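Since every read-out is calculated from the coordinates, none of them should be taken as a lab result. Everything quoted here is computed from the prediction, not taken from an experiment. Because the Cβ atoms are built from the backbone with ideal geometry, glycine has one as well, and the counts that use them run over all protein chains shown.
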Amino acid sequence: MNPIPTKVLILGGYGTFGGRLAQLLAGDARVTLLIAGRSLAQAQTFCDRLAPGACRSALRFDRDGDALAQIQAVNPSLVVDATGPFQCYGDDPYRIIKACLVHGIDYLDLADGSDFVKSVAQFDREARERGVIILSGVSSFPVLTAAVLRRLAHGLATLDTITGGIAPSPYAGVGVNVIRAIASYSGKRLALVRGGQPSFGIAMTESLRYTICPPGRLPLRNIRFSLVDVPDLQVLPELWPQLESVWMGAGPVPEILHRMLNGLAWLVRLRLLPSLLPFSSLIHQVSNRVRWGEHRGGMFVAITGTDVRGVPVTRSWHLLAEGDDGPLIPSMACQAIIERCLAGRRPAAGARAATADLELEDYEALFARRTIYSGMRTSDPAAATQPLYQRILGDAWDALPAPLRAMHSCASPQVAAGQADVLRGRHPLARLVAFVIGFPAAGHQVPVQVAFTPGAGGERWTRTFASRSFTSFQSAGRGTSAHLLRERFGPLTFDLALVVEGAKLCLVVRRWLLWGLPLPLLLAPGGDSYETVIDDRFHFHVEIRHRLIGLIVGYRGWLEIRPRADAAVLAETGIDCPTRALP
């Protein structure tokens with residue numbers, strides 16, 4: 001058998017995940033793609049649309065037919081099963097694997113069914129004897145999650161809990177087989193680990209909320225995730241036997257459709273419906289037509305454990321994918337393994353879940369070719385003592401220029417002074433808002449001073465332009481505002497994303513509240529606000545405007561930290577005693 005998979009047969013090759021794998025491999029001239037499915041016409045149409053590079057052929061393949069004869073007829077080097085739903089493969093779910101073993105052909109699949117993936121190990125001995133690779137679950141769950149967990153767990157003495165989720169873009173396009181899989185188990189028991197013991201959860205009726213935010217990137221909105229059947233629920237406890245719990249969810253949007261699916265799952269759980277499978281076509285049509293929101297997707301994996309000193313640690317890994325790149329991620333594990341084989345690094349023979357066959361570095365090399373970003377966050381006693389902005393930015397903090405880090409590193413009261421140009425809006429409502437908050441009057445090269453007072457829960461900023469001052473209180477967001485900077489101006493509160501763009505630190509409004517009540521983001525004030533460095537000096541550019549009344553205020557200029565904030569300066573600027581508790 002040729003160890004290099006030059007001829008790759010993709011079953012379901014024009015479907016949701018098989019088609020994306022073909023798209024990822026299409027530019028590689030070392031590969032011959034066999035795009036297979038039940039419709040030869042659809043397979044040919046798909047082949048014709050692929051980018052040039054790899055040789056490609058269309059063929060008809062019925063996975064419920066004589067798999068042995070059909071595979072023998074084309075004699076591929078590698079078979080990739082991207083059909084599904086793997087939860088509904090009937091009495092002989094491993095017929096493709098058996099055919100590959102007979103012919104000595106390597107096999108990968110993108111199975112998302114936990115029972116299917118776990119039971120592939122029954123073929124391990126035969127696969128080893130024949131020198132054949134049989135890898136199951138070669139997708140985000142569990143391959144990417146396992147790779148992420150090895151990174152997150154590095155240096156820990158114990159790994160106690162694992163929570164994860166995937167949030168596809170509403171415009172990603174969901175295949176009917178994916179919907180059939182979800183419909184087949186919604187409202188039914190899923191085997192998992194809870195309290196360190198084998199237990200079960202009820203699919204699509206258990207939910208949590210989470211904010212996906214790679215450090216220094218614009219986060220996704222806070223998303224509702226519901227428990228789904230993925231291989232991780234059963235294979236991760238085998239890799240980390242000491243685990244107390246494992247939970248994995250999906251966060252489809254718009255949320256109203258997600259909640260409707262939750263409601264239907266509850267009907268199954270209460271035995272008012274036998275299954276949602278008869279409704280899968282309807283759910284598929286609705287989910288692919290009723291869609292709105294940002295064309296962005298993401299994924300997270302969060303763990304708790306203890307370090308070698310026994311100190312509790314919480315770590316999380318966040319992934320963000322822009323536009324059409326997100327839907328490619330589930331197929332990237334197959335791409336990475338195929339590229340490894342082409343480079344002469346063929347995985348070891350045997351049949352298993354592919355949880356140990358890729359590392360996060362393999363994925364990161366593929367992410368770098370796309371608009372896909374990832375990063376880690378850590379919460380431990382050491383992180384709790386870090387400056388506010390460093391805690392929020394996580395790994396992205398070190399990417400900031402030194403003057404920006406210095407400005408946001410106050411462990412005790414400090415004062416910065418400089419100059420600014422100030423513009424004021426002319427609309428009567430803009431003037432009223434500026435007056436109520438205390439924004440400065442218009443002027444050129446206005447003396448400006450900012451007093452930073454760290455205290456319980458955050459930092460008080462007192463900005464003084466000439467003789468006019470206004471104050472805000474900044475803190476780290478929690479709950480639905482997690483990983484955001486919360487800034488309060490009297491009754492108004494703004495939750496801001498800290499986004500690193502080269503040498504800039506941009507502040508982007510993601511939520512706003514009046515007396516603690518959320519307001520529509522569509523009506524929130526916005527503007528181009530950022531901090532940067534020019535000639536080794538801290539510069540700021542703040543613009544606050546509203547779509548209905550235009551500019552409210554804008555100011556830009558520079559600041560330098562005073563060497564010492566002595567008692568006279570503190571009194572002059574109105575900085576409170578640092579030991580006083582802040583609201």
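Overview of values
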item: Förster radius 22 Å - calculated FRET efficiency between Val290 and Ser207, Cβ distance, rounded to 0.05; result: 0.65
item: Residues Ile534 and Glu126, FRET efficiency given R0 of 51 Å [Cβ-Cβ distance, rounded to 0.05]; result: 0.15
item: Candidates per trypsin sites (Lys or Arg not before Pro) in the stretch 521-555, loop by DSSP, up to 16 other Cβ within 10 Å; result: Arg547
item: Loop chymotrypsin sites (Phe, Trp or Tyr not before Pro), the stretch 480-540 (other Cβ atoms within 10 Å of the site Cβ: 13 or fewer; DSSP); result: Trp515
item: Helical mean residue ellipticity (222 nm; -39500 (n - 2.57) per DSSP H run of 4+; nearest 500) of the chain; result: -7500 deg cm²/dmol
item: Peptides 253-260, 187-194 ordered by average Cβ neighbours within 10 Å, highest first; result: 187-194, 253-260
item: Leu282 versus Arg151: modelled label distance in nm, points set 7 Å from Cα along the beta carbon direction; result: 4.2 nm
item: Sparse-neighbour loop sites [chymotrypsin sites (Phe, Trp or Tyr not before Pro); the stretch 283-317; at most 14 other C-beta within 10 Å; DSSP]; result: Trp292
item: Dipole of the chain, positive direction: furthest Cα of Gly113, Ser140, Ala420, with charges on the beta-carbon; result: Ala420
item: Separation between Cα centres of the stretch 50-64 and the stretch 497-561, rounded to whole Å; result: 50 Å
item: Gain upon complete extension [Arg426, Ala356; 0.36 nm per residue less C-alpha separation]; result: 19.0 nm
item: Using a Förster distance of 45 Å, the FRET efficiency for Met260-Thr314 (Cβ separation, nearest 0.05); result: 0.90
item: Options Pro52, Leu33, Gln87, ranked by Cα towards positive dipole end of the stretch 7-136, top entry (Cβ charges); result: Pro52
item: Karplus (6.51, -1.76, 1.60) ³J(HN,Hα), θ = phi - 60°, over the stretch 172-188, in Hz, Gly and Pro reported as x; result: 5, x, 9, x, 5, 5, 5, 5, 4, 5, 4, 5, 5, 10, 4, x, 10
item: Dipole of the chain, positive end: most advanced residue of Gly527, Pro215, Val176 [Cβ charges, Cα centre]; result: Gly527
item: Dipole magnitude of the stretch 44-187 about its Cα centre (Cβ charges: Lys, Arg +1; Asp, Glu -1), debye to nearest 20; result: 340 debye
item: Where a label projected 7 Å from the Cα of Ala383 along Cα→Cβ would reach, residues of the stretch 461-476 with amide N under 17 Å; result: 476
item: Magnitude of the charge dipole, the chain, Cβ model with Lys/Arg +1 and Asp/Glu -1, debye to 20; result: 1260 debye
item: Centre separation in Å (Cα based) which lies between the stretch 348-410 and the stretch 417-461; result: 34 Å
item: Using θ = phi - 60° and Karplus 6.51 cos²θ - 1.76 cosθ + 1.60, couplings along the stretch 549-554 (whole Hz; Gly, Pro as x); result: 10, x, 5, 9, 7, x
